[in-house]
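Asks: Below you will find the structure I want to go over with you.
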Amino acid sequence: MDYKNIEEHKEYIKITKVKNFNLRDIFECGQCFRWNSNDKDTYIGVAFGKVIEVKLIDEDLYIYNSTKEEVEKIWIDYFDLNRDYGLIKKELSKDPLLSEAVQFGKGIRLLKQDPFELIISFIISANNRIPMIKRAIDKISQRWGEKLEYKGNIYYTFPTIDSLRNATEEELRECGVGFRGKYIKSTVDILSSSMINEMLTANDDQCHKLLQKLPGIGPKVADCIMLFSMEKYSAFPVDVWVKRAMQHFYLAPDVSLPKIREFARDKFGKNAGFAQQYLFYYARENKIIV
Ligand code: 8HG
């Protein structure tokens, strides 16, 4: 467990003594698209139908616009605070090469996000850049999500399956998703909450296969969804940054994406997904080229 207590105050809820926790590392490491910062210590984001503001001062995490009950029910889990990241980092740092990436992203935690939101978000991520992905998700939320207000600003929740079923391919395209509009449309038409439940209860390899039955989802997108919303931590999404990081640290430049995935899952086992996140963040922030 990486925190001590949950305290209720008039203006905020405070989670005391959080460890292995840095807001920038968490929100800029590539796993989420709905958090923005005013300054480096404060972020505002929308998740699970709520808008909250978070601020880290020393080792205390301040959560605004929430209640103690919501912190206990939603945000402790969302920030994965019951897991000891010290142990994971110690294990991964036995590898001296990976240890450099772990040290760089030492405040990363894998958020437990909503599966439906991530299925759609990562369909949009295919062959796309993060600022464009964020913009498209914002537009989709504005059009089919629910309005929220905080400190005089308007935010929108990510739509439910049912409300997104009202969207036509053309309307989705207007949100800037391009050719992925038809995949989102077909996926929303076939997807149900019982299918998502089946994925959640499946083992990692079965889940990877089930996800790829949906239009617009290949191995890489499936890995991102299972890692960031389904607690399947052997997932190892290989995009161009992870490919470069793996080549930089371990492999010859001509290795194929499926081979890189296989190599990494053998090497890092049940912690492969965590290793991937340290590598992705390290490679992207340091713009490594092979
Ligand atoms: O966290 C991520 N890991 C990997 N491997 N790929 C990611 C993450 N986040 C993210 O957006 N991507 C994809 O990388 C989406 C897009 O194709 C590209 C942006 O650099």
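Asks: Between Tyr64 and Thr160, take the C-beta separation as r, use R0 = 35 Å, and let me know the FRET efficiency to the nearest 0.05.
Replies: E(calc), rounded to 0.05, equals 0.90.
Asks: Between Lys151 and Glu169, with labels modelled 7 Å along Cα→Cβ, what's the label distance in nm to one decimal, could you check?
Replies: For Lys151 paired with Glu169, the spin-label model returns 4.2 nm.
Asks: Between Ser186 and His9, what is the spin-label point distance in nm, taking each point 7 Å from the Cα along the Cα→C-beta axis?
Replies: The modelled label-to-label distance comes out at 5.2 nm.
Asks: What is the packing order of peptides 145-154, 128-137, 188-197, 236-245, taking the mean over residues of other C-beta atoms within 10 Å and listing the highest first? All intermediate terms of the calculation are to be shown ahead of the outcome.
Replies: Numbers: 145-154: 11.8, 128-137: 16.1, 188-197: 13.8, 236-245: 22.3.
By packing density, highest mean first, the sequence is 236-245, 128-137, 188-197, 145-154.
Asks: Can you give the FRET efficiency for Arg135 and Glu100, using 1/(1 + (r/R0)^6), R0 = 25 Å, r = Cβ-Cβ distance, to the nearest 0.05? Could you put the intermediate results ahead of the total?
Replies: Details: r = 33 Å, r/R0 = 1.31.
Approximately 0.15, to the nearest 0.05.
Asks: Whose amide H sits under 5 Å from the amide H of Arg83, counting only residues 5 or more places off or on another chain, with H placed in the peptide plane?
Replies: Sorted by chain and number, the residues that satisfy this are Asp2.
Asks: Is the C-alpha gyration tensor of the chain telling us rounded, prolate or oblate? Criteria: a/c under 1.5 is rounded; beyond that, a/b larger than b/c is prolate, otherwise oblate. Walk me through the numbers before you get to the answer.
Replies: Numbers: a/c = 1.62, a/b = 1.04, b/c = 1.56.
It is oblate, given that a/c is not under 1.5 and a/b is not larger than b/c.
Asks: Related question: Hey, can you rank 207-216, 160-169, 249-258 by average C-beta count inside 10 Å, highest first?
Replies: Values: 207-216: 18.2, 160-169: 14.9, 249-258: 12.5.
Per-residue mean Cβ counts within 10 Å order the peptides as 207-216, 160-169, 249-258.
Asks: I've got another one for you. Over the stretch 106-246, what is the mean sequence separation of C-alpha contacts under 8 Å (at least six apart), divided by residue count, expressed as relative contact order in percent? Write out the running numbers ahead of the final one.
Replies: On the way: 158 pairs, mean separation 36.4, N = 141.
Relative contact order comes out at 26 percent.
Asks: Here's a follow-up. First check a/c for the stretch 1-148, with a ≥ b ≥ c the square roots of the eigenvalues of its C-alpha gyration tensor; if it is under 1.5, answer rounded, and if not, answer prolate when a/b is larger than b/c or oblate otherwise. If you can, show how the numbers build up before the last one.
Replies: On the way: a/c = 1.93, a/b = 1.11, b/c = 1.74.
In terms of gyration-tensor shape, oblate.
Asks: Right, here's the next one. Using the per-residue mean of other Cβ atoms lying within 10 Å as a proxy for protection, in what order, highest first, do the peptides 226-232, 83-89 fall? The partial results should precede the final answer.
Replies: Numbers: 226-232: 23.4, 83-89: 16.4.
In descending order of packing, they fall as 226-232, 83-89.
FYI, it's all coordinate maths here, none of it is from the lab. None of these values were measured; they are calculated from a predicted model. Cβ coordinates were reconstructed from backbone atoms using ideal geometry, including for glycine residues, and neighbour counts include every protein chain displayed.
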